[in-house]
1. So Val110 passes all but one of these: (1) over 30 Å from Thr226 (Cβ atoms); (2) assigned by TED's automatic domain parsing to the domain that holds Ala223. Which condition number does it fail?
2. With the structure loaded, tell me whether Ile268 is farther than 19 Å from Ala102 by Cα, among the hydrophobic types (A, V, I, L, M, F, W, C) and without any contact (Cβ under 8 Å) to a residue 24 or more places away in the chain or whether it fails that test.
3. Would you please name the residue that is nearest to Val108 (Cα to Cα), looking only at residues in region 208-251 that are at pLDDT 80 or above and among the hydroxyl-bearing types (Ser, Thr, Tyr)?
4. Mind telling me which of the residues Leu111, Leu82, Leu92, Leu104 ends up being closer than 29 Å to Ser235 by Cα, part of a loop (DSSP other than H, G, I, E, B) and not small (Gly, Ala, Ser)?
5. Of the residues that sit in region 57-76 and are at negative phi and touching a residue at least 60 places away in the same chain (Cβ under 8 Å), which one is surrounded by the most Cβ atoms within 10 Å (Cβ to Cβ)?
6. When region 104-129 is examined, which residues are found to be out of contact with any Asp or Glu (no Cβ under 8 Å at 6 or more places or on another chain) and of a type in the set (Ser, Thr, Tyr)?
Amino acid sequence: MTTATLRPVAKPSLWQRLPVVHQLRQSVGVQRGMLVAGLVLMAIFILTAVFAPLLAPFRFNQLRDASGTFGSQQPPSAAHPLGTTVGGYDVLSRVIWGAQTAILVIVVAVLLSIFIGVLLGLVSGYFGGWPDRVLVVVCDAIYAFPSLLLAIVMSIVISGGKSDLAGGILAAAISITVVYIPQYFRVIRAETVRIKAEAYVESAKVLGASSPRIMFRHVLRNATRTLPLIVTLNSSEAILTLAGLGFIGFGIEPSSAAEWGYDLNKSISDVTSGIWWTALFPGVAIVLAVLGITLVGESLNDLADPRLRGRRAVAKASGEVAETSVVPGGTLDGGPGGIRGLEDGESFDEHGIEVRS
């Protein structure tokens, strides 16, 4: 019987192992197009937020320049490419500065949610007992509430509904954090309960490792594999929650920061009067930002699930066995038969023709 030659494949570089770069190399076809489109939209969103002071022609609360006041509800022109709002603000400047506000809220909310949710989930899942049961009941109760309603309540409690830039961002971020903590808690707790029964965790206990060392060195690093996916999906939800708070009047004051939801609220009466530019551009900004983050999140979800990403198709395109294959010496070249040739015990000659014993 002729056997296939299995050759070790060179280990990917550090750059190729980066989370987004690794998924980009794995993706194929329409899936890759979705991921690239999402990354492009996210890059535009982030760069706009970072360079807002350079890109925006005016400040977010500026009402006049050297030539005088801007005027209310002015149509798009050379001086104001996207027109002005009912309050006399430049629409383009408000849209650009609104990206910065959204980024700040997302960063603060996601960091707080990850820190609190992961810590509670890790402790609850590892130690169990009555604290675990109490935390599960509390998180399930919070998770049962409508997210926007809970954010409204928290916003009122924290800041009375409106605040300055720092206070408003913190209030909005904490409001969103309370909504997202149960999601991180449930995911990390479930992974911790599963991982703590693994042989390597039992071995660490036998060797005398302390509980904190086992939790943070062995359990945590294996329980957080799905966090990038949750972060991307929660980021898009955070933008919608922030816009919802601003739209119903519980957001940040316009003199303190630009916020897309607030601008949409003030443009309701404009739409009925045929003034379209005050509502169109903030709405488009929300849609594109959420779309970009959602495309990245859904693509990561597909690539993380072997049933969805089509492992065989990816393997045939790359000619490599997936790195999850447990083979001494590392990943192997599957040859012309790809993974199917290895899984079914088939062999192929140099021309890709099947050789049977």
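1. (1)
2. For Ile268, the condition - farther than 19 Å from Ala102 by Cα, among the hydrophobic types (A, V, I, L, M, F, W, C) and without any contact (Cβ under 8 Å) to a residue 24 or more places away in the chain - is met.
3. Ser235
4. Criteria check complete, one pass: Leu82.
5. Looking at the filtered set, the residue picked out is Phe60.
6. Ser113, Tyr126
The values are calculated or read from the model by the stated rules, or taken from the named source; none is laboratory data. What you are looking at is a predicted structure, and each value in this text was computed from that prediction instead of being measured. Neighbour counts are summed over all protein chains in view; Cβ atoms, including those assigned to glycine, are modelled from backbone coordinates with ideal geometry.
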